[in-house]
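The values are calculated or read from the model by the stated rules, or taken from the named source; none is laboratory data. Source: prediction; values computed, not measured. Note that we place each Cβ from the backbone using ideal geometry, even for glycine, and neighbour counts take in every protein chain shown.
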Amino acid sequence: SQQGEEDPQALSIQEGENATMNCSYKTSINNLQWYRQNSGRGLVHLILIRSNEREKHSGRLRVTLDTSKKSSSLLITASRAADTASYFCATDGRDDKIIFGKGTRLHILP
Amino acid sequence: DTEVTQTPKHLVMGMTNKKSLKCEQHMGHRAMYWYKQKAKKPPELMFVYSYEKLSINESVPSRFSPECPNSSLLNLHLHALQPEDSALYLCASSRLLQQRANEKLFFGSGTQLSVL
């Protein structure tokens with residue numbers, strides 16, 4: 001069953017601009033993760049944020065978590081062509097499973 | 001070594017064939033996973049192994065048969081597949097079994113499977 005849902009489904013921006021994508025989820029979570037997937041490749045873990053954290057940074061990535069709104073956002077600053085990928089949030093489901101959201105397809109225009 | 005290696009990268013098989021997908025990691029991870037991913041969709045969990053024992057089977061059809069011969073290897077045996085089974089099959093590992101999504105998943109590059 002789907003837990004996280006990303007928004008927007010697809011996003012195209014100019015290189016150098018910031019990209020923001022959102023993840024909403026339905027039930028309470030303990031942890032939320034973000035992953036990147038280049039076309040036809042495996043997923044790469046980006047950031048894990050715990051339910052008691054509000055914000056986390058990693059290089060050009062900034063993740064926020066608002067448990068009252070059941071949502072998280074991923075901000076990529078100063079985007080580059082190499083950031084073109086699909087981005088998935090993942091939350092805890094039942095029975096120790098990770099449930100992936102539908103993903104946002106990000107396209108960076110030159 | 002922080003890699004998960006999957007072979008083969010591409011596989012084309014007929015509906016009567018038997019084939020196997022292989023996955024290997026040398027990070028000392030004790031949980032290993034198989035996911036299936038259709039184009040433009042999120043990965044869907046198939047199987048989870050923890051300490052070489054099957055922990056989760058997401059009601060996957062018996063034409064998919066997982067095997068974990070040791071802590072570094074994970075296989076997925078395929079037999080009598082259907083065209084709708086064509087997908088990207090991803091292997092992943094984590095240090096330990098997930099508890100409330102607290103473990104990072106390390107993914108291989110996947111096997112792109114086409115069933116004719």
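Miscellaneous remarks
- Unmet criterion (only one of (1) more than 13 Å from chain A (Cβ to nearest Cβ); (2) within 29 Å of A:Ala10 (Cα to Cα); (3) touching a residue at least 60 places away in the same chain (Cβ under 8 Å)) for B:His79: (2)
- Yes/no for A:Asn22 being farther than 17 Å from B:Glu103 by Cβ, surrounded by 13 or more Cβ atoms within 10 Å (Cβ to Cβ) and at pLDDT 90 or above: yes
- The one condition in (1) of a type outside the set (Gly, Ala, Ser); (2) within 13 Å of chain A (Cβ to nearest Cβ); (3) not in a strand (DSSP E or B) that B:Val60 fails to fulfil: (2)
- For first residues located in region B:30-48 and free of Cβ contacts under 8 Å to residues at least 24 places away in the same chain and facing chain A (nearest Cβ under 9 Å), partners that are assigned to a loop (DSSP other than H, G, I, E, B) and of a type in the set (Asp, Glu) and lie 6+ apart or on another chain with Cβ distances below 8 Å form the pairs B:Glu44/B:Glu58; B:Leu45/B:Glu58.
- Pairs meeting the criteria (first residue in region A:16-38 and under 28 Å from B:Tyr89 (Cα atoms), second residue at pLDDT 95 or above and among the aromatic types (Phe, Trp, Tyr), beta carbons under 6 Å, at least 6 apart or on different chains) are A:Met21/A:Tyr87; A:Tyr35/A:Phe88; A:Arg36/A:Tyr87.
For every residue, the table says whether it meets (1) of a type in the set (D, E, K, R); (2) outside any strand (DSSP E or B).
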| site | (1), (2) |
| --- | --- |
| A:Ser12 | no, no |
| A:Met21 | no, no |
| A:Ile29 | no, yes |
| A:Trp34 | no, no |
| A:Asn52 | no, yes |
| A:His57 | no, no |
| A:Lys69 | yes, yes |
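- Hey, A:Asp66 acidic (Asp, Glu), surrounded by fewer than 17 Cβ atoms within 10 Å (Cβ to Cβ) and either touching a His at 6+ places or on another chain (Cβ under 9 Å) or within 8 Å of chain B (Cβ to nearest Cβ) (or both) or not: no
- Pairing each residue of region B:92-107 that is without any contact (Cβ under 8 Å) to a residue 12 or more places away in the chain with any residue that is among the small types (Gly, Ala, Ser), provided the two are 6+ apart or on different chains, yields C-beta distances under 7 Å for B:Ala101/A:Ala90; B:Lys104/B:Ser94.
- The residue of region A:79-110 that is farthest from A:Glu17 (Cα to Cα), among those that are aromatic (Phe, Trp, Tyr) and at the interface with chain B (Cβ under 7 Å from one of its Cβ atoms), is A:Phe100.
- Leading residue by the ranking (farthest from B:Arg30 (Cα to Cα)) among those in region B:92-116 that are charged (D, E, K, R) and more than 7 Å from every other protein chain (Cβ to nearest Cβ): B:Glu103
- Among the residues of region B:81-98, not a single one is more than 13 Å from B:Tyr33 (Cα to Cα), in contact with a His (Cβ under 9 Å, 6 or more places away or on another chain), outside any strand (DSSP E or B) and not hydrophobic (A, V, I, L, M, F, W, C).
- Within region B:12-44, the set of residues being within 14 Å of the chain's Cα centre (by Cα) and of a type in the set (A, V, I, L, M, F, W, C) comprises B:Leu21, B:Cys23, B:Ala31, B:Met32, B:Trp34.
- Count - residues of region B:43-53 that are more than 16 Å from B:Ala101 (Cα to Cα) and in a loop (DSSP other than H, G, I, E, B): 2
- Count of residues meeting criterion [modelled with pLDDT under 95 and among the hydrophobic types (A, V, I, L, M, F, W, C)] in region A:33-54: 0
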